[in-house]
Amino acid sequence: MATFTPPKKSLMARFVRVLEWHHLGYLLPFVVLAASLAVVHMLWQNESQESREHLQDEFDAHVRETARHVEDRMKVYEQMLRGVKALFAASGSVSREQFRTYITRLRLNENYPGIDAVGFAPIVALPQWHKHIESMRKEGFASYAIKSEGGKDFYAPTVYIEPFFGGNQHAIGFDMHSDMAYRIAMEQARDTGNAVNTGKILLRETDGHLRAGFLTFAPIYNFKEGMPGDTLEQRRASIVGWVYSVSRMETLMAGILGEASSMIDIEILDGNTLSDETLMYDSDPTASHLIGGTGYLFKSAIPMEIASHPWTLAAHSLFKFDAQMEGGRPQFVAYIGTGSSVLLALLTWLLVYGRARALQDAAEIRQSAARYKQMFEDNTSIAYLLDPESGSIVDANAAALAFWGYSMAELRGMNISKISFVPSGKIVDVMNKIKDGASHRVELHHRLKSGDIRDVEVFSGPLNYQGKTLRYSVAHDITARKLAEDGLRLSMTVFNSVKDAVMVTDPDNRIVMTNPAFSAITGFSADEILGENPQILSSGIHPPAFYLKVWEMLYQKGEWSGEVCNRHKGGELYHIWLSIRLVKDDGGKISHHVAVFHKIKKRKPTEMKE
C-alpha cells in the first residue's frame, strides 16, 4: 500500500520556524544583513586589491616607459656625437666653417631638444702652446688665451662651439681638462672610445639662474696606419681631442612625460644616491620629493646607465593618480552590494513579519462575529465594508482595527476620507462605478490613528447586503514593498551613475544591457547597441589571435583584464582597460558576460596585457 510523504520544507523555512518557536524571528533580518554585508566587504576588499594591483601595473608601466624614452633620447644624442666624430675622421682636419655648417644643419633646437651647444676641444701639448694661440688669434680671436691654471703637460681648450652666440662665446679658450668633473669623463671616454657623461653640473642661464645639466664627451683619435686602436695604450697614444655636447635637463625632459606628467612626479638623479644634491630634474617641484617624501600610494626607482654614467629615475604618484583608487569597480561593488544586502534583509523581514502577521490575522478572523464569518474567514488582510452613498465605514475586521489603530466603536460610521488620502469627490466616483457592478484596484495612502502614513493596495467590489449595495474592500499594506521598489530604483540609479562603462551580454554574446557611461565612451546609444555583438566596437587593430587568446583565458579563469583598442562610433580610436567576467546560473551554465571598462592613456604594444 502506497503511503503519502509530505514534501520537505526548505532549510530557510525550518530556520524561520525555529526562530519563531524561540521568539527570535525579529533577529533573522539582522543576521541576513550582517552576513550579506560581510560578503560585500570581502568582495570590496578583493576588488580594491585588484584595483590597486592594476594601478600599480599602470604606474610601473608609465615609469618604465619614461625610462625608455629617456634612454632612447640619449642614445639619439650619442649618435649625433658619433656623427660629429665621423666628420673629423673623414676630413682629418675640420675647419671652423665646416664645423659650423655641420652643426647648423643638425638643427639642434628641433631635432635634439635639450642640447644647448656642441663643441670641439683639441689636445694642445705644452710645446705647441704659443703656436696654438697665434693660430687662434689669426682666425680673428685677438685676445684669445687658454684659460687654465697651467702647470700641465697638455691642455684641451674649446676652439669650436656652436651655436656661437650668447654665453657659448665665453667657452672659447676654456681648458676643459682643467675641470675635475670634465677631466674624469674625458679620460674615461679616451680610454673606452665611448661617449661619457660628466654627471650633474650647474649651467648658468642668460637670466643668471643656475640650471642642472651635464656634458657628454666623445673622443677623437688619429690612429696611425696599421694601428687598429683596440688597446688602451693605442687609444691613449692616438687621442687628438674631444667633441662634446652641453645639455640642460629641463629642456631634455620636455615632451617625454606627456599626459602622465599630471599624475606622476618624475625625478632624475645623478648616480645611485637619492638626495637633493644629486637631483637633476623634478617634473613637479611642488610635489613631495621621493627623497623622504610621504603622502603617495605608489613609488618606484629605476637605475639607468646613460652614456657610461649611472642615473636613477625615481617616481611617485600624484593625487590625481591616487584618486583612481576611490572609484571604479570597488565603488561599484560597494554600492550595488550594500543596496542588494539591504534589499535582501528587507525581503527577509517581509518573510518573517509577514508570516507572523498572517498567523495573527488568521487567529483574529476566527474570532469574528458569525454574520461576517464567511466574509472574513481565512482573510489575513485588512477588510472593511463601506456605504457607497456616504463613504461611511459600516464594518471592519480585526486586521483593519489593528492596522488603523481604531476601535470598532470609533470606526463605525466614520467617513473613509478621514483615513484615505483620496478626496471625497473621487471616492464618490468610485462608489458610483461600484453601483454599476465594476470592481477596482487602486493604490492609496492611509492615515493611521497614530498619524503615521502607510501605502496600501485596495481591491474593491460591490456586495449586496440586506438589499443594499455596499463596497467590500480588501487592503494590503505595501509600504515595505514600496521601500523595496525605491531601493531597486536606487540600485539602478547607481548602475547608471558609475563612471566606468558596463556592458552585459547573453550566452550568445549579444548585448542585453549597458549604462550611460558605455554610451559616453563608445558613442553608441542603448537603442543602437542592444542585440549587437561587441565586435561592433572593434578597432581592427588587434589580430584575430588576440581575441582568441582573450576568450581562451576568459573560459579558463572565468575572468580577463587587459588593455584593448576600440573604435568610437565616430571613427576615432581609443584605448580602454577592460575587465570581463563570466556569470553562471545555478546549473553552472554561462548566463551572461559582464564587461566593465574605462578609458586609459595609449601605451606601446609591447606593454599591452592579455
Quiz prompt | Residues with amide H under 5 Å from that of Glu532, placed H, sequence gap 5 or more | solution = Ile511
Quiz item: Shape of the stretch 138-262 from its Cα gyration tensor (a ≥ b ≥ c, root eigenvalues): rounded if a/c is under 1.5, otherwise prolate when a/b > b/c, or oblate?
Solution: oblate
Self-check item: Approximate shape of the stretch 424-583 as ellipsoid semi-axes (Cα gyration tensor, √5λ), whole Å, largest first
Solution: 56, 17, 15
Quiz item: For the stretch 184-274, which GluC sites (Glu not before Pro) are both in a DSSP coil and crowded by at most 11 other Cβ atoms within 10 Å?
Solution: Glu225
Exercise. Please work out the FRET efficiency for the pair Lys557 and His69, using the Cβ-Cβ distance as r and a Förster radius of 35 Å; give the result to the nearest 0.05.
Key: 0.55
Practice problem: Just flag the trypsin sites (Lys or Arg not before Pro) in the stretch 169-224 sitting in loop per DSSP whose Cβ has no more than 16 other Cβ atoms within 10 Å. | Solution: Lys224
Exercise. Starting at the first residue of the stretch 225-238, write each ³J(HN,Hα) from the Karplus equation 6.51 cos²θ - 1.76 cosθ + 1.60 with θ = phi - 60°, in whole Hz, x for Gly and Pro.
Key: 4, x, 9, x, x, 7, 10, 4, 5, 5, 5, 5, 6, 9
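With only Lys, Arg, Asp and Glu charged, each at its Cβ (+1 for the first two, -1 for the last two), find how big the charge dipole of the stretch 133-208 is about the Cα centre; round to the nearest 20 debye. Write down the numbers at each step before the final one.
Working: 8 positive and 11 negative charges, 9 e Å.
Using only the charged Cβ atoms, the result is roughly 40 debye.
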Self-check item: Karplus 3J(HN,Hα) series, Hz, for the stretch 386-393 with 6.51 cos²θ - 1.76 cosθ + 1.60 (x for Gly, Pro)
Solution: 10, 7, x, 6, 9, x, 7, 7
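In terms of the Cα gyration tensor, with a ≥ b ≥ c the square roots of its eigenvalues, is the stretch 499-607 rounded because a/c is under 1.5, prolate because a/b exceeds b/c, or oblate?
oblate
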Quiz item: Just in the stretch 132-219: which chymotrypsin sites (Phe, Trp or Tyr not before Pro) are loop by DSSP and have at most 13 other Cβ atoms within 10 Å?
Solution: Phe165
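FYI, it's all coordinate maths here, none of it is from the lab. Remember, predicted model here, so these are calculated numbers, not experimental data. Neighbour counts are summed over all protein chains in view; Cβ atoms, including those assigned to glycine, are modelled from backbone coordinates with ideal geometry.
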